[in-house]
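The values are calculated or read from the model by the stated rules, or taken from the named source; none is laboratory data. Quantities reported herein were computed from a predicted structural model and do not represent experimental measurements. In this analysis, Cβ positions are derived from the backbone assuming ideal geometry, glycine residues included, and neighbour counts consider all displayed protein chains. We work out accessible area using only protein heavy atoms, side chains counted, and drop any ligands, DNA or RNA first. Shrake-Rupley method; radii C 1.70, N 1.55, O 1.52, S 1.80 Å.
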Amino acid sequence: MRLLKKDLHKETFKVVEIFRTVEGEGRWVGLPVVFIRLEGCNLRCSWCDTTYSYDGRSYTNKTLEEILKEVDSHNLKRVCITGGEPFLTPNLDILVKSLLDKNYFVFIETNGTLWNEGFKELNTDKLYITCSPKPPLYFVNKELLPYIKELKFIVDENLSINHIIKPDFIDIIRNDVIVLQPESNKPEMVKKALNLQDQLLQIGIESRIIPQCHKVLGLP
């Protein structure tokens, strides 16, 4: 790694919040998890429900030691790092390595546009990256593609089947079940997700429609 172990105590992170909940999206849905929400995002999606994560004031600078102590206090084995956009944090790899070294399963939610070279040195056995490409370009950094273990598409007015079956994604979606998440659990987007699911089936691709279950449960 690019930092010696003795230097880790110097690492600080802009943390919006750390809390225990159940995973509400994607294939980890329903599992108990500790969320670490990092500050900052390079996109501005119109339907974003965590705008406070990039307002530039709703965060606290925390040391790596403080983060690990708070995560440990919840006595769980899964940690989700989210944002905002976590890859906007330059030392994200240091946080992830520290969690993996403590034998946590680490789940990262990313829009896929950014990359961190330090990830090439991580043990990815317990690292699960879910990528949710965003409009209008649905661009994903090519360096990140081999590390993606789940593709999750927000079904909004922009999404079409052509965005899902882009050449960059086709190998991933042929080998795995992808997730379609209706925007804000809107009925019209559920209907659109069902239509997209049928279109994908016609070309031999399976998808799973999963709403934002934490909102149904009234959880953060």
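Ranking Ile178, Ile154, Phe139 by Cα position along the charge dipole of region 125-220, where only Lys, Arg, Asp and Glu carry charges on their C-beta atoms, puts Ile154 farthest toward the positive end. Backbone amide hydrogens, once placed in the peptide plane, bring Ile209 within less than 5 Å of Leu180, excluding anything fewer than 5 places away on its chain.
Tell me, what is the per residue accessible area of the chain in Å², probe radius 1.4 Å?
Ligands and nucleic acids excluded, the figure is 49 Å² per residue.
The helix-only estimate of mean residue ellipticity at 222 nm for the chain, built from DSSP H runs of length n ≥ 4 each weighted as -39500 (n - 2.57), is -6500 deg cm²/dmol after division by the residue total. Taken over region 55-153, lysine pairs spaced eight or more positions apart, or on distinct chains, with alpha carbons under 16 Å apart number 14.
About the centre of its Cα atoms, the chain shows a dipole size close to 260 debye [charges on the beta carbon of Lys, Arg (+1) and Asp, Glu (-1) only; nearest 20 debye]. Computed about the Cα centre, the dipole magnitude for region 1-106 is approximately 260 debye when only Lys and Arg (+1) and Asp and Glu (-1) carry charge, each at its Cβ. Using a 1.4 Å probe over the heavy atoms of the protein chains, calculate the carbon and sulfur portion of the accessible area of the chain as a whole percent. Roughly 51 percent, rounded to a whole number. Modelled this way, with points 7 Å down the Cα-to-C-beta line, the labels at His214 and Asp101 are 2.7 nm from one another. Computed from the coordinates I sent, volume of the Cα convex hull per residue in Å³ equals one of (i) 114; (ii) 170; (iii) 193. Tell me the label. The value matching this structure is (i). Tell me whether region 13-78 comes out rounded, prolate or oblate; compute the Cα gyration tensor, take square roots of the eigenvalues as a ≥ b ≥ c, and use a/c under 1.5 as the rounded threshold. Here region 13-78 falls in the oblate category.
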